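Written out below as structure tokens is the structure these notes cover.
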Amino acid sequence: MTDTTPIPATVEDDHHGEILVELVGKQGEMLVVSGERIPRVVLTRAPGAEVDDHIVIGTRDPHRLTLTVDGRDATIAPGKGKLRRRSYRVDVGCADTSYRLVPDSIPSSRLTRDGKHIGDFSSDGDRRVIAEWRDGAAVEPLDAAIGYALAAAFGTGGQPMWMMAVDAISELLP
């Protein structure tokens, strides 16, 4: 029998040092983000949840996901991920702070903390995440931990609605 456990991805963050992104379990039931200078974030998919292969964590159903930060519960509410970019947003509530990761271009998504844009993330769904922090933003360890976890679990970026419409129409044509 072959071990199908994915190799952890390690990234170097300019503000927070080495960050490890791991997908745990044979079917990727859990995504763990950790590092010496950030809190540990664990995103878990419920057993028996229907798995979508296009999503690293496997689902966007908020009832099938749990999120903990340093062992404390946080709330997570992914959008349904339909036609508009904004529908791919992911909202998190943690320690009296609200976060949102939302696509803002084809390759990347912006992270906001309490409505303020603090960074941009890109990831191709391989758990390798690139973060670019906004000049002047006071980026906290919690910001980095949440941003990396969301970008790794759900991917980043999205096509504009007009491109998606053209794709859908072209698939209907013979």
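Other residues whose C-beta falls under 13 angstrom from the C-beta of Ile19 contribute a net charge of -3, scoring Lys and Arg +1 and Asp and Glu -1.
A run of the chain free of exposed loop cleavage sites, with GluC sites (Glu not before Pro) counted only in DSSP states other than H, G, I, E and B and at most 14 other beta carbons within 10 Å, reaches its longest extent at 51-174. How much of the accessible area of the chain, probe 1.4 Å, is carbon plus sulfur, in whole percent? For the chain, the apolar C and S fraction of the accessible surface comes to 51 percent.
Note that the range 149-154 has calculated 3J(HN,Hα) couplings of 4, 5, 5, 5, 6, 10 Hz, one per residue in order, obtained from phi through the Karplus relation 6.51 cos²θ - 1.76 cosθ + 1.60 (θ = phi - 60°); glycine and proline are x.
Annotation: lysines with alpha-carbon distance below 28 angstrom to Lys116 (same-chain offsets under eight excluded): Lys80, Lys82. For the chain, set up a GNM with springs between Cα atoms under 10 Å and report which of Ser105, Ser122, Ser34 has the largest fluctuation. Evaluated over the chain, the most mobile residue of the options is Ser105.
Computed over protein heavy atoms with a 1.4 Å probe, the accessible surface of the chain works out to 57 Å² per residue.
If a spin label sat at a point 7 angstrom from the Cα of Arg84 along the line to its beta carbon, no backbone N atom of the range 120-134 would be nearer than 12 Å. Here the Karplus relation 6.51 cos²θ - 1.76 cosθ + 1.60, evaluated at θ = phi - 60°, turns the backbone of the range 61-75 into coupling constants of 6, x, 6, 10, 10, 10, 10, 10, 10, 6, x, 9, 5, 10, 9 Hz, with x for every Gly and Pro. If you bin all the Cα-Cα distances of the chain at 5 Å, starting from zero, the percentages per bin are 1, 9, 18, 22, 21, 14, 8, 4, 2, 1, 0.
Amide H to amide H distances under 5 Å link Ser98 with Asp114, where only residues 5 or more positions off or on other chains count and H is placed in the peptide plane.
For the range 2-104, the fraction of alpha-carbon pairs lying more than 23 Å apart is 31 percent, rounded to a whole number. Relative to its residue count, the range 27-68 spans a Cα convex hull of 72 Å³ per residue.
The values are calculated or read from the model by the stated rules, or taken from the named source; none is laboratory data. Nothing here was measured: the structure is a model prediction, and the numbers come from that model. Positions of Cβ are generated from backbone atoms using ideal geometry, with glycine treated the same way; all protein chains shown enter the neighbour counts. Quick note on the areas: whole protein, heavy atoms, side chains included, nothing else; ligands and nucleic acids left out. Shrake-Rupley method; radii C 1.70, N 1.55, O 1.52, S 1.80 Å.
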